[in-house]
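The values are calculated or read from the model by the stated rules, or taken from the named source; none is laboratory data. Bear in mind the structure is a predicted one, so any value in this text is a computation, not a measurement. We place every Cβ from the backbone using ideal geometry, glycine too, and count neighbours over all the protein chains shown. Accessible surface areas use protein heavy atoms only, side chains included; no ligands, DNA or RNA. Shrake-Rupley method; radii C 1.70, N 1.55, O 1.52, S 1.80 Å.
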Amino acid sequence: AFWDYETPKVIVVRNRRLGVVYRTVQLLILLYFVWYVFIVQKSYQDSETGPESSIITKVKGITTSEHKVWDVEEYVKPPEGGSIFSIITRIEVTPFQTLGICPESIRVHNATCHSDNDCVAGELDMLGNGLRTGRCVPYYHGASKTCEVSGWCPVEDGASVSQFLGSMAPNFTILIKNSIHYPKFQFSKGNIADRKDDYLKHCTFDYVSDPYCPIFKLGFIVEQAGENFTELAHRGGVIGAIINWDCDLDLSASECNPKYSFRRLDPKHVPASSGYNFRFAKYYKINGTTTRTLIKAYGIRIDVIVHGQAGKFSLIPTIINLATALTSIGVGSFLCDWILLTFMNKNKVYSHKKFDKVCTPRQSTSSWPVTLALALGQAPPPPRHCSQAQPPSPLSGQEGQQGAKLGPAVWPPRPCPVSSLSEQMDAPDQQAGLPTSRLAQQDSKPADPRGLAQL
């Protein structure tokens, strides 16, 4: 029933195989919590992820192309030195563009034509280069014709010139200055060595000798990402520079060191969207006419990503995980009980021994002296097994008459098969010679009948 109370019953089963399973499960659970939870995961610590971070970058170096020398101000975009920047390695230049009319690019959809009837005046293609005039004119080269547009002329395909800047690019140096802060633990640190000399002017990063010199060569970054520099410089790509701050704050601050890793972020194996490029223009005037140079730039974009986790000992997660570990050890008992009651021989015998029902006998409503004695805590009758309840045998003689005066008698519980050692020692010596029936009759009498009568 819902209001019944259940309590575990301990049974010792002398079965070696079941005992081996039980201890093995307990050992596995203990090893899991000790090795993985507490040693590997450090679950005894309070943790904080995602530190507050600031990033400053600076690129240095010069390179040459077929026509000029390039410095940092020209090939680094944007120049502010943030966490994301691009280094231009190849360009396609369309010089001297002015506002006018010219043939549309042959790459634009429906741009080719045979006569003026194929071109609609005033039509604007979102992927084109200008507003169509309605005329069909010869293309820049070859026998093809395209519709004429009004816009910046000549269009990009008609007069672009390619220039490669990647010959010296592997030697470019990149300074990545990073500082982090964990507000929960009030811990801050940076990735540059605390030195007053010109250390940064003469060092480059090395995992062993110079871990606190965050100056990387561009060729080293591409190599660590597992890419071919020449191919990457021609098509462009995105490289992630990942700085990981995993700090155990139970140790000294010198043990909290940044770990660097590099990998390519853009999908290079997708032909439709591989590579990285962008466009920008430089404007100037020639004889009062606004002119621009359109540049389509291919380059290596660097994304600096900072993440990490800090942990420090805390009592609350330690108690929670210890309680979880102790509770999980009980899984071994549950598993062995299931095996014992399901698969073992004599499982019905085990079930009968494990599950037992005990209830207290009901008292008669007319035995008010006995009820009062129970309320006063005098001689409470022990509980009986429901299955072993026996009808009381009638008393005879003087005991029966005395019980009739006090009301219905309360019969003693069924005697235990073996008496305990304490009961044998407490028994008076003068009762050793009395018959067993006499002792049982004396125990069945109320402890204080005269006092109950007075009450």
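Kindly establish whether N117 is outside the structural domain of I302 (by the TED database) and either part of a loop (DSSP other than H, G, I, E, B) or among the hydroxyl-bearing types (S, T, Y) (or both). Judged against the criteria, N117 is not a match. Against the definition (among the small types (G, A, S), within 30 Å of F216 (Cβ to Cβ) and either at pLDDT 95 or above or touching a Gly at 6+ places or on another chain (Cβ under 8 Å) (or both)), how does S86 come out, yes or no? Answer is yes for this residue. The condition of being open to solvent by 30 Å² or more (accessible area, probe 1.4 Å) and either outside the structural domain of P211 (by the TED database) or farther than 30 Å from D46 by Cα (or both) does not hold for V306.
Checked against (1) without any contact (Cβ under 8 Å) to a residue 24 or more places away in the chain; (2) open to solvent by less than 80 Å² (accessible area, probe 1.4 Å), E255 meets all criteria but (2).
The residue of segment 1-27 that is nearest to I339 (Cα to Cα), among those that are open to solvent by 90 Å² or more (accessible area, probe 1.4 Å) and under 37 Å from the mean Cα position of the chain (by Cα), is R23.
Only one of the listed residues (K296, K285) is of a type in the set (D, E, K, R), under 30 Å from S274 (Cα atoms) and assigned by the TED database to the domain that holds G82. That residue is K296.
In this structure, does S65 turn out to be under 28 Å from G128 (Cα atoms), among the polar types (S, T, N, Q) and open to solvent by less than 40 Å² (accessible area, probe 1.4 Å)? It is false that S65 is under 28 Å from G128 (Cα atoms), among the polar types (S, T, N, Q) and open to solvent by less than 40 Å² (accessible area, probe 1.4 Å). The set of residues from segment 149-183 being among the polar types (S, T, N, Q) and in contact with a Cys (Cβ under 9 Å, 6 or more places away or on another chain) comprises just one member, S150. Filtered by the rule that a residue be assigned to a loop (DSSP other than H, G, I, E, B) and either hydroxyl-bearing (S, T, Y) or open to solvent by 50 Å² or more (accessible area, probe 1.4 Å) (or both), segment 258-279 gives L265, P267, K268, H269, V270, P271, A272, S273, S274, Y276. Restricting attention to segment 125-158 and to residues that are modelled with pLDDT under 90 and surrounded by 17 or more Cβ atoms within 10 Å (Cβ to Cβ), the residue that is farthest from T112 (Cα to Cα) turns out to be E156. Checked against the criterion of being under 20 Å from G166 (Cβ atoms), of a type in the set (G, A, S) and in contact (Cβ under 8 Å) with a residue 60 or more places away in the chain, the candidates S86, S53, S47 yield just one match: S86. Looking across segment 90-112 at every residue that is in contact with a strand residue (DSSP E or B) (Cβ under 6 Å, 6 or more places away or on another chain) and under 26 Å from I300 (Cβ atoms), the one that is surrounded by the fewest Cβ atoms within 10 Å (Cβ to Cβ) is identified as P95.
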